[in-house]
Amino acid sequence: MPLIDSSYSPPFGFSNGFVQTIFPTLFRRLRDDFLVRERIPTPDQDFLDLDWSRMGSETLVIVSHGLTGSSRGHYVLGTVLEANRHGWDALAWNYRGCSGEVNTQLRLYHSGATDDLDVVVQHALAQGYTRIHLVGFSMGGNLSLLYAGRSANSLPSEIESVSAFSVPCDLEACAYELAKPSNRIFMSRFLKELGENLKAKASQYPTHVDLNGFAKIRTFAEYDERYTAPIHGFRSAVDYWNKSSCLSYLADIRIPALMVNAQNDPFLPEQCYPRAIARSHANFYFEEPTSGGHVGFIQRNPDRVYWMEGRAMAFIREQGGHLPTPVRLAEESV
């Protein structure tokens, strides 16, 4: 019965889910000049941009970011640094169009694009890594778990675990949750940033991407119906949500998998707390802190490590990950 009692307790003044969600985005800053960029091709003649931080290890932590994020997000950098501090190599990859350069094909990125994650994994395996651990946040958490479940019969044996935080594992339910008035500030920001990507794509494919009326879109239901679904070959927004939600694939996962969703996450409805699956699944662990917000889990310490980043590394260690003596890295300072 892998339901885990969480050890997370927020600092004084940070118990509110909205505060936990907003504060790190506005105020947390970590250096990124230590990352080494690599561009790799995709099978459809496009590209993915990867950011590496190597320690000379045979173990690799692959980090997947959230919607409208990138490999330079604070929570991604924090995870990379924490992996390095424990002696492991880290790879933070950018979804199509998220690295600062528009990708070449019509397709963008979406919550079910496990084919791109597999391209990254296969590239890592070609570098000689013998142990790989996946860590994902928000949309990246859904993507990582979906990949582990959808590809259960063909998953490379080198992939030993997956850790996912603030996971919108039921996309349809989350779309309606984010449409609520209480989440209007978040929804507006998502649509603004998604709109910037669409503008760039419309300049490449003006006959396929029509921006007329985009300003009237207010919800993911409208956005996914008009853009995500047709661009990526889904029949409708509901078809996209159903096929891209990891919730339906959790029971198929065969490697140790951790999902951590805070009870006060403003983005997640009740459907995103799969306690019943955890109770009946030997490999799926569900942890439900009372606080944490969405990709928050703020923690005060000299190393500037947030709780979720340390939790991901702890889960890797629990699966037998080799752990040298942690080192203090110069990049941990702001």
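Ordering Thr290, Leu50, Phe12 by Cα displacement along the dipole of the chain toward the positive end leaves Phe12 in first place; charges were set at the Cβ atoms of Lys, Arg (+1) and Asp, Glu (-1). Grouping the Cα pair distances of the range 217-302 into 5 Å bins from zero gives a pair-distance distribution of 3, 12, 17, 15, 17, 17, 13, 4, 1, 0 percent in increasing distance order. A 1.4 Å probe run over the range 171-302, with the rest of the protein chains in place, finds 47 Å² accessible per residue. For the chain, the ratio of Cα radius of gyration to the globular rule of thumb 2.2 N^0.38 Å stands at 0.93. Think of the range 110-179 as a dipole: +1 on every Lys or Arg Cβ, -1 on every Asp or Glu Cβ, centred on the Cα centre; then among Val119, Ser157, Asn142, Ser157 lies furthest on the positive end. Annotation: per residue accessible area for the range 1-99 equals 40 Å², rounded to a whole number [probe 1.4 Å, protein chains only]. Projecting the Cα atoms of Leu178, Ala237, Phe214 onto the charge dipole of the range 173-312 (Cβ charges, centred on the Cα centre) puts Phe214 farthest toward the positive pole.
The helix-only estimate of mean residue ellipticity at 222 nm for the chain, built from DSSP H runs of length n ≥ 4 each weighted as -39500 (n - 2.57), is -9500 deg cm²/dmol after division by the residue total.
Of the heavy-atom accessible surface of the chain (probe 1.4 angstrom), what whole percent is carbon and sulfur? So the carbon and sulfur contribution to the accessible surface is 52 percent. On full extension, the segment bounded by Asp5 and Glu196 gains 64.7 nm, given 0.36 nm per residue less the C-alpha separation. In the distance distribution for the range 166-310, Cα-Cα pairs more than 20 Å apart total 58 percent.
With a Förster radius of 35 Å applied to the C-beta separation of Thr130 and Ser248, the computed FRET efficiency comes to 0.70.
Can you tell me what percent of all Cα-Cα pairs in the range 1-132 are more than 26 Å apart? So the portion of pairs separated by more than 26 Å is 32 percent. Phe34 sits with roughly 30 Å² accessible to a 1.4 Å probe, with DNA, RNA and ligands left out of the calculation.
The values are calculated or read from the model by the stated rules, or taken from the named source; none is laboratory data. Please read all numbers here as calculations on a predicted model, not as lab measurements. Counting neighbours? That spans all protein chains shown, and the Cβs are built from the backbone with ideal geometry, glycine included. Each accessible area value is taken on the protein alone, full model and side chains, heavy atoms only, with ligands, DNA and RNA left out. Shrake-Rupley method; radii C 1.70, N 1.55, O 1.52, S 1.80 Å.
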